1. Exactly one of these conditions fails for residue C:39: (1) in contact with a strand residue (DSSP E or B) (Cβ under 6 Å, 6 or more places away or on another chain); (2) buried (at least 19 other Cβ atoms within 10 Å of the Cβ). Give me its number.
2. What pairs can you find where one residue is in region B:1-29 and within 9 Å of another protein chain (Cβ to nearest Cβ), the other is surrounded by fewer than 19 Cβ atoms within 10 Å (Cβ to Cβ) and in a loop (DSSP other than H, G, I, E, B), and their Cβ atoms are less than 6 Å apart, with a gap of 6+ or different chains?
3. Taking into account only those residues within region D:242-273 that are farther than 21 Å from residue D:169 by Cα and either at pLDDT below 95 or under 20 Å from the mean Cα position of the chain (by Cα) (or both), which is surrounded by the fewest Cβ atoms within 10 Å (Cβ to Cβ)?
4. Tell me the strands (runs of 3 or more DSSP E) entirely within region D:19-115 that contain at least 1 residues that are closer than 19 Å to residue D:314 by Cα and more than 20 Å from the chain's Cα centre (by Cα).
5. Which one of these does residue D:150 not meet: (1) over 30 Å from residue A:10 (Cβ atoms); (2) over 14 Å from the mean Cα position of the chain (by Cα)?
6. Which of the residues that make up region C:116-130 are outside any loop (DSSP other than H, G, I, E, B), touching a helix residue (DSSP H, G or I) at 6+ places or on another chain (Cβ under 6 Å) and surrounded by 22 or more Cβ atoms within 10 Å (Cβ to Cβ)?
7. Let me confirm something: among B:56, B:73, B:101, which residue is more than 14 Å from chain D (Cβ to nearest Cβ), under 25 Å from residue D:288 (Cβ atoms), touching a residue at least 40 places away in the same chain (Cβ under 8 Å) and crowded, with 19+ Cβ neighbours inside 10 Å?
8. Select from region A:303-345 the residues that are part of a strand (DSSP E or B) and out of contact with any helix residue (DSSP H, G or I) (no Cβ under 6 Å at 6 or more places or on another chain) and list them in ascending order.
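The values are calculated or read from the model by the stated rules, or taken from the named source; none is laboratory data. Predicted model only: the values in this text are computed from it and were never measured. Methodologically, a virtual Cβ is constructed for each residue, glycine included, from the backbone with ideal geometry; neighbour enumeration extends over all protein chains shown.
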């Protein structure tokens, strides 16, 4: 099968290239980056010399439809929603790594993204691509809205306990910590090396566009409106995301019991690993891989549960999950092309 | 006046040296490190060549009492409590950067530090050295228990709102993030460069010895028992600490009103800076200095308040605060020797 | 085919595991780490949870010979030379990532490694595993001495111009810069995060054991004794090595001509990439991959040539090259299992 | 005395502010940044909140002359040469941290900086501000051209041996390694955190504008034309510069003898520290301070000398040296305001 990647000059697009090059069933046919059209990929990205020998293309939906089976969008907000309706009509599977098709609630996308909403007709077709919770819907989707990085780490960490009703979702406090690749390839003073290095900072407190995404999925999964407290931080490393979640327990459970339940909950999901009691995950343990590692700790003093989940924000938080979704949609083994070990050290 | 430093081969001790060298009223007379006794300081720490020309001494309370006016202990748990009783009897001011004299509650020290309690008679004399809340007691103390880094950042950030009763202390969730100097100079696999670099990790969840310290001060300040949820993380930078605190508001206040109140609360405290609305602090903004920067954000969706406080863990979180305490005790201007700008970049 | 890895609790051993897991023709059968014998690999290395499910074994040559086709040694100096003679007699291919079998000159190994020499009989069988120069010998070897990281980067960068006699080898000055994984997993104050981070340092000036290795290969390739000036530095990153080489040109050549010559020289070698004129390589461009990128710059003012070569010290500088050697020895395509793209960013 | 700083929104300007705030004889009167004129300094640089309470000014030579005794220019190439002629005529001491007045040779500035030369009449007045070699000229100068960072580290390291004629200057090879603050505050893809972190790279090989500066000083000091081979690299840390210099010895000297000679050579220079035999300097050992640490190693195999010199590029490589020059010019103790210890860790 053949794939096209739109927005390949960003980090998620580059990561898609890295994964798909190692995928046994997929060939990268077309790499779209309008600003670099007709330039060889290796001129912009010398690390791909001798590996990717094609040129960047400009965006042409008809051409894409003629040539590829699946198009990945790794584009800024507001871009994919212009082309995906056409591509879907032309019968091409679209997997959108941007936020354009994630929010279904009326007015939510405009409110949080400050862009015009995508067309409702297309939005209705979008399936939320979190395989551990929407595997079946994904397997027949024509448009997959690939989750954001923070929602992936948060939902994988907290949904099992909430669905089991052992914790009170209205008390959920999430502390999100992201490496700087999450801020993208666009330059800013905040991501200038000398100011990001040896620094940690908070940003967009209570205003991050991933908040309504988490809340919509919570509502869908537990049929309840919850307002989530979510704090977002930049941490000086390139790859890696950690969400530390604290929630009030409503049942008297031990760490051991909850770990046991999580292991059973995720037993058919190859990318989720639950840490043993007394151990917590670190981001290096998943770096470069599609794993989400989850640590669990009950604090009997406060009767609160702390869940720590870590992912590589470019893998399970973006490109890796997109390929996992593609595998499911094309009937391949979920792990195909994603059996890369974490890079350690 | 003359100072002695015990435990000068650790990071807090080295930071005391750095500050006191720039202090107009103090001379460093004696530097104690039993394991390096009679070795020149610059042999172990070449960066102090031509700056510190004395040798390390072994620990001798009588000698210290004869020579210095104040002794700083920057030692591991269980060390200072062996010498401080003697030194106090000999009339020397002691400022203890370790945790030995911070916890007053019966059995608390043994429980959390796994060491024998210090003698009760001495413990009773210890004043908790958080100047913004115990300035008067400090000014006449014979023994100052210098606060831990996490408690400093947490208490400075959250006490004003709790004392004002605009927030419910039982809902306090703290997410603590520390640079690696907080883990000390002792080697471990976790602090080995290749495993700490490009990594973030959680540790000691719900078990950190700074938790009872925070709770004791809360009780002392608001006369109420509170169990605090506190998660601790290692972040890949050398210096810097951030505490992100989320708490339920009990009064309908805006960010602007709370910022205004904090500014008024801390108006006579030169090391506390409150960020303007919509801005949050970062650790580089206080690095190398004794400042604590605090950012405030009300989330009207959840009616929760987020407070972010940052310090340099070796300065306001250890050595800087110790010198601030010494200044108060000796009747000097609180800022003396501490007017170092943050290092930027 | 089946492989055994001895010394798998170091970084080169872990990297062998990462590569071989992705290799289509090899199964990892046995992982030896005497100090961890009978412990599950994932207990020591949680990042391998669900990926490597076997236990560490102790070292038993007969058992290895019964079970595997090739044994990789990723051990400290002095270890492999004790077992390899036996394994070779038992007919098992040995690939040694340590320095034990690299130096053939009498007394050289003792002098530079401060260990007893390996048995001469076995040493004579050892083939130097730099495929770009010893491909044929490798293809029939029973024992492959995998090159050191600095020699790999240096020799790949400088041998073509020296063999062509366009530069004077006696004038060669090499400035080597290594990330900290090159210093291994063993803890030391120098590799303690807080002291390695935000620091660069020189070490072992003129005394690094890779110097005689470079000189022996130079002699073998150009039949001339050369004393190389080699300075070694630790740079604060985990993976990556750069050698900056300056040498006097003896022929009046332009950068363009030399680049052209290098491209022709390496045209059949898939892991060598020569940068275009005016571009120089960086270590991130090869990180996680087996590439060696080489940049070339003639300074017409000084009539000297600067060659910059970069590798991932754990890949082309250790485990990647070892697998490349194994491929050649087993008649597989040289790139098999090594077609991993660099990790960017 | 009062100082003005032009170009205070770059890193060297900020470092001048940090130093001068701690200087007992100087008040910062005016901070010029035309693009930020009339904005409070703390709005652009929150780390200076409560510390610097004035606004940025626009550039007005007459106003500066009326208000201050010395003006520091920490501006990009081509800026200071427009104002300094006027300021000198108005009798204000000018210290220029840019390269505008460093090169005296005809056409050299245009060739290497790609800007029009400064007026010859003013250029002739410029004194090269390397105090260890031009202390007397500095003490009466009206215009001080503050050296570049690479020339400072290189010349301090190599001039003693060359002036003594124990080494052949035509064989000098310099490998320069700079932290990223050396690349300034202006954003670029190369200094974007995610691409600079975990990376090292070479740049401007043989084309760096500091090369002719080094060569001019060499000519001035030893009356001989020398072409220097100079390779420049970006290293992933914020502050710190290391120059590794290799040179052919012409006399048979030991490391010990050369160290002894260097110590004697620099005995009246408080900021130069010579490491003992077998020890080499690291950049953390001088970070935040005005020291230049120098390590020396004779390689008897090659009869070459390796000299390693390290500085904090923003201190001895820029702002610290500028203040040292001001002290000399104003008849103050050379160390005044510069007795800051290195920051460790």
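1. (2)
2. B:11/B:185
3. So, considering only residues that are farther than 21 Å from residue D:169 by Cα and either at pLDDT below 95 or under 20 Å from the mean Cα position of the chain (by Cα) (or both), the one surrounded by the fewest Cβ atoms within 10 Å (Cβ to Cβ) is D:268.
4. Correct list: D:27-32.
5. (2)
6. The answer is C:128, and nothing else.
7. Residue meeting the stated conditions: B:56.
8. Initially, region A:303-345 is screened for residues part of a strand (DSSP E or B), giving A:304-311.
Those that are part of a strand (DSSP E or B) and out of contact with any helix residue (DSSP H, G or I) (no Cβ under 6 Å at 6 or more places or on another chain): A:304, A:305, A:306, A:308.
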